[in-house]
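Working notes, beginning with the structure itself.
The values are calculated or read from the model by the stated rules, or taken from the named source; none is laboratory data. Only a predicted model underlies this, so the values are computations on that prediction, with no experimental measurement involved. All Cβ positions, even for glycine, are placed from backbone atoms using ideal geometry, and neighbour counts span all protein chains on display.
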Amino acid sequence: MATVGLYAEFFGAGLPSAKPLLGPPHADQAWVIDYLEAGHVVAFVPEVFDDPFTPGQIAGSASLFTDGTWVWPGLLAYLVRVHGLALPSDFVDHMRQNDFNPPELDPARLTELSDAISADIGPPQVFPEELARPDEEER
């Protein structure tokens, strides 16, 4: 699966910066945003990121979405909407081929994709202090 939208400003050093991709709105922007927001969730991540380009704004979640071919973080739609982020042309062409509607995926396929992504990113980190029950802390 191809990935898009993993930028250094959100996911750390070693990744490309989103900054050079920011610009004015593009022709298919509204369709692209709808497509990104209509993707299927394959990894729920209960974390949100601040917008590094507009202090005080929330960019969105790190949850991962897919159309069965591409994977992207939830915050990607925000970056396109607010900052005119340019996406790779092969991804936009793929959206166009799907008439800007992510294809339906059956539950078995979504589970398969979710398992593959979880294997790539690893299990969620749980720290001992998160496991303690409030009533146990008071004892």
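Is it the case that A43 is modelled with pLDDT of 95 or more, more than 16 Å from P88 (Cβ to Cβ) and either within 10 Å of the chain's Cα centre (by Cα) or among the aliphatic types (A, V, I, L, M) (or both)?
No; evaluated as a whole, the condition is false for this residue.
Would you say D51 is crowded, with 18+ Cβ neighbours inside 10 Å, farther than 20 Å from N101 by Cα and modelled with pLDDT of 95 or more?
When the stated conditions are applied, D51 passes them.
Return yes when P24 is out of contact with any helix residue (DSSP H, G or I) (no Cβ under 7 Å at 6 or more places or on another chain) and either modelled with pLDDT under 90 or of a type in the set (K, R) (or both) and no when it is not.
Answer is no for this residue.
Results for (1) at pLDDT below 90; (2) surrounded by 13 or more Cβ atoms within 10 Å (Cβ to Cβ); (3) touching a Cys at 6+ places or on another chain (Cβ under 8 Å); (4) over 20 Å from L105 (Cα atoms), shown as yes or no for each residue.
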position	(1), (2), (3), (4)
F10	no, yes, no, yes
P20	no, no, no, yes
I58	no, no, no, yes
W70	no, yes, no, no
G74	no, yes, no, no
F91	no, yes, no, no
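For residues that are out of contact with any strand residue (DSSP E or B) (no Cβ under 7 Å at 6 or more places or on another chain) and either without any contact (Cβ under 8 Å) to a residue 60 or more places away in the chain or surrounded by 15 or more Cβ atoms within 10 Å (Cβ to Cβ) (or both), tally how many sit in region 35-46.
4
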